[in-house]
Structures are given as C-alpha cells and as structure tokens.
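The block underneath contains the structure these notes are about, expressed in structure tokens.
Values quoted throughout were computed directly from the atomic coordinates according to the rules given, and no laboratory measurement underlies them. Everything quoted here is computed from the prediction, not taken from an experiment. Virtual Cβ from ideal backbone geometry, glycine too; neighbours counted across all protein chains shown.
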Amino acid sequence: MKTLFEKIYDGEIPAEILHKDELCCAFADISPQAPTHFLVIPRKAIPRLGEATPEDQSLLGHLLLTAGQVAKKLGLSETGFRTVINHGTHGGETVPHLHIHVLGGRQLDWPPG
Ligand code: 5GP
C-alpha cells in the first residue's frame, strides 16, 4: 500500500508542488509552522532516517541539496532557514515516510520544544 507521501508524489493527493524530479519532490506543508514550510521527500518510501541504508547515501545527499535549492528559490537563503527530520515518537514523527522539513520566513527558537 502506498504511503501518504507516495500518493502526493504520484499526484493522487493534491499538494502545492515546489519541485519534482525522478528521485524526490518538495511540496508545501499542509499545516505550516512558519511563513515558509515545505517538505522534501524521496520517491522511495524509506520510513524514517534511521532505516535508511548505505545504498541510500546518494539519495540522502540529493534530498539535502534539493532542500537547499528550493529554499534558495523561495528567497530564504539570506534570512536563513532550518531543516528538521523527525524520527519516531520522541522526534515527533507523524508520517512514516522520510521527509525533511524546511522552515523559514521568521526567527525560529532554539532549542526546539
Ligand atoms: P512529521 O510530524 O512526521 O515530522 O511531519 C509530517 C508533516 O506532514 C506535518 O508537518 C504535516 O503537517 C504534514 N502533512 C501531513 N499530511 C499532509 C498532507 O496531506 N499534505 C501535506 N502537504 N502535508 C501533510
């Protein structure tokens, strides 16, 4: 069965797509926690970061590069942005398909709650 984010990648669930290639896509988060909040997901349904394997190494790099490029395209480079990957219960993960959050457009607090 497809994950929620596979369905978004495949266009079966609508989303504001910001980038799409053969390996990943980036789309606006449905519940933004900052003026700009998007997710970068691999097409491959890796459940979470700790379950990625060495064969995913270049894919993981591609996801990070894409996060940076889309952030730049959206004008976040100068003011800054944050990337977050939540793994499991304590991490706050709610969708079991690896995703990188990118948040920007306001001052973010540290440490996170
Ligand atoms: P997590 O809590 O797993 O790190 O992040 C999951 C994120 O996916 C949340 O920020 C949530 O708002 C977002 N999300 C959940 N369902 C949908 C959806 O159907 N469409 C979009 N665009 N984002 C979603």
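Structure notes:
- Taking the Cα centre of the chain as reference, the dipole from Cβ charges on Lys and Arg (+1) and Asp and Glu (-1) amounts to some 180 debye.
- Environment charge of L49, counting only residues whose C-beta is closer than 10 Å and scoring Lys/Arg +1, Asp/Glu -1: -2
- A full extension of the chain between E16 and T94 corresponds to an added length of 26.1 nm, given 0.36 nm per residue minus the alpha carbon distance.
- The Cα center of segment 1-41 and the Cα center of segment 55-113 differ in position by 13 Å.
- Excluding exposed DSSP-loop GluC sites (Glu not before Pro) (at most 15 other C-beta within 10 Å), longest clean stretch of the chain: 23-77
- Rounded to two decimals, the Cα-based Rg/Rh of segment 4-104, with Kirkwood Rh, is 0.93.
- Separation of the Q33 and R106 label points, Cα + 7 Å toward Cβ, nm: 1.2
- Taking θ as phi - 60° and the Karplus parameters 6.51, -1.76 and 1.60, the scalar couplings of segment 87-98 work out to 10, x, 4, 5, x, x, 5, 10, 10, x, 8, 2 Hz in sequence order, x denoting glycine and proline.
- Dipole of segment 30-90, positive end: most advanced residue of F81, L49, S31 [Cβ charges, Cα centre]: S31
- Point-to-point label distance, R43-S77, nm (Cα→Cβ direction, 7 Å offset): 2.7
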